[in-house]
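Here is the structure we will look at.
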Amino acid sequence: MSAITDNRLADHRPLGRGDAKTLVLSALGGALEFYDFVIFAYFAKVLGHLFFPPGTSDFLAQLQAFGIFAVGYLARPLGGVVMAHFGDRVGRKRMFTLSVFLMAVPTLLIGLLPTYASIGLMAPVLLTLLRVVQGIAIGGEIPGAWVFVAEHVPPRRVGLACASLTSGLTAGILIGSLVAAGLSSHLSEAQMLDHGWRIAFLVGGVFGFFAVYLRRWLSETPVFARMRERREITAELPAWVVVRDHLPGVLLSMVVTWVLTAAIVVVILMTPTLMQTTFHVEQSRAFAGGSIAALALCFGCFGGGLLVDAVGRAKAMLVGSIGLAASTYALYLDLRGGGGHLFVLYALAGFFSGVAGVVPAVLVTTFPPAIRFSGISLSYNVAYAICGAATPVVVGLLAKGQGSLGPAHYVGLVSLVGVASGCYMLVSRRPVHDR
């Protein structure tokens, strides 16, 4: 009885200095790792010309590079399911450290890869293989990171914890955008093709190893330690328990993950490149706009988490989805008209892409602790593999064949799905697993 009382008191405590340390170190490490994963998108145009046969058109080269970028999403379920299995059986922290190491190595190697001019078809093959390893790493990193921070804080602060981690991940996008903008403004196009792109990946490899070091200072989550002490760790295969007993939760998690992919992949990662190829915005201005949007996204994710703690995950999902659709249409309509308000409207779209800060709170509270890592990893990574892999290709084709508003139409459609998921959570009586 005493132990139960102590646990309840711990769950209702305020955030302390130890919680703040955990959140800051987790977010910083996540930022450095996510930079490694997304820097590929900012150099898709350059990589498309360097790793495919000479004479390939700009559109085809970009589409091929985005295809390799998408391969990373297809590999995510493999890494996610395997790491989640051990995360639910042997501990969250070990997988939290392993994932960042697996990201650092291929990022560093991409920066050292010979191009098509040197080794021919082996160049895109090696690039694809390294991208697969990156996908395996990020597949375990993001679900594990959300579980890790959520299980360290009181239940009433889960939204803030997940949002702070997501803000850290999106800060990695901002770092990538700033690096791309800095290199493009200081190097000529010829220098970028020669060695500028390599700098971005080599820096990312160093970032990754620093993130490994940071995670040495983190401790196992109290929730997992409690499960181990009480022998509550599932003896069955966690992924099988998820599919057998929690299928509605899996479907809900996949739907809200689709909204996250639209916000991050289309609005934040692809739009700077689409500005250049579809709207003929100069490279430096496109990257500057992307940096502003990525900064606004960090604040938007944090705001999304605070909104979850204040009004609940369902209402927060509704607000975020509606704002995402409206702001994305405003941005693309302005771009079609010449981009006179590019920076302001891209910042607004970036802020409402902060619906990405609402999604992890939905995922974490959908599954009970014993299979939480596996539940999130399976649903999130499968959804991201399908939607994240298809989105770059679909949006690229929409931008080419269905008019300049094609990407905005896609985001608007997915936002409607987000609104539907928010309504479902409001009217359903599904349990909320805050511990």
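The values are calculated or read from the model by the stated rules, or taken from the named source; none is laboratory data. For clarity, every value in this text was computed on a predicted model and none was experimentally measured. Here the Cβ positions follow ideal geometry from the backbone for every residue, glycine too, while neighbour counts run over all protein chains shown. In case anyone asks, the SASA skips ligands and DNA or RNA and just uses the protein heavy atoms, side chains included. Shrake-Rupley method; radii C 1.70, N 1.55, O 1.52, S 1.80 Å.
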Output the residues belonging to the range 92-145 that are touching a residue at least 24 places away in the same chain (Cβ under 8 Å) and among the small types (Gly, Ala, Ser). 99, 104, 111, 117, 123, 135, 137, 139, 140, 144, 145
Output for Cβ contacts, cut-off 9 Å, separation at least six or different chains, first residue closer than 14 Å to residue 349 by Cβ in the range 398-409, second at pLDDT below 80 and open to solvent by 30 Å² or more (accessible area, probe 1.4 Å), reads 405/398; 407/398
Only one of these conditions is not met by residue 5: (1) open to solvent by 30 Å² or more (accessible area, probe 1.4 Å); (2) in a helix (DSSP H, G or I); (3) modelled with pLDDT of 75 or more; (4) not aliphatic (A, V, I, L, M). Which number is it? (3)
Based on this model, can you work out whether residue 148 counts as closer than 16 Å to residue 112 by Cα, touching a residue at least 40 places away in the same chain (Cβ under 8 Å), part of a helix (DSSP H, G or I) and among the aromatic types (Phe, Trp, Tyr)? no
Wholly enclosed helices (runs of 4 or more DSSP H) of the range 44-129 bearing at least 3 residues among the basic types (Lys, Arg) and farther than 16 Å from residue 197 by Cα: 92-110
Output yes when any residue across the range 418-425 is part of a helix (DSSP H, G or I), of a type in the set (Ser, Thr, Tyr), open to solvent by less than 20 Å² (accessible area, probe 1.4 Å) and modelled with pLDDT of 90 or more, and no when none is. yes
If residue 101 meets every condition in (1) modelled with pLDDT of 75 or more; (2) buried (at least 18 other Cβ atoms within 10 Å of the Cβ); (3) under 22 Å from the mean Cα position of the chain (by Cα) apart from one, which number is that one? (2)
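Tell me, yes or no, whether the range 33-43 has at least one residue that is over 17 Å from the mean Cα position of the chain (by Cα), buried (at least 20 other Cβ atoms within 10 Å of the Cβ) and either part of a helix (DSSP H, G or I) or at pLDDT 80 or above (or both). Step through it out loud before you land on a result.
Here is the first cut: in the range 33-43, the residues over 17 Å from the mean Cα position of the chain (by Cα) are 43.
From the residues that got through so far, the ones that are buried (at least 20 other Cβ atoms within 10 Å of the Cβ) too are 43.
Subsequent filtering for residues that are either part of a helix (DSSP H, G or I) or at pLDDT 80 or above (or both) retains 43.
Looking through the range 33-43, at least one residue is over 17 Å from the mean Cα position of the chain (by Cα), buried (at least 20 other Cβ atoms within 10 Å of the Cβ) and either part of a helix (DSSP H, G or I) or at pLDDT 80 or above (or both).
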Filter the range 336-363 for residues that are within 20 Å of the chain's Cα centre (by Cα) and surrounded by fewer than 24 Cβ atoms within 10 Å (Cβ to Cβ); the one that is nearest to residue 162 (Cα to Cα) is 351
Kindly evaluate residue 366 against the criterion of being buried (at least 24 other Cβ atoms within 10 Å of the Cβ) and not in a helix (DSSP H, G or I). yes
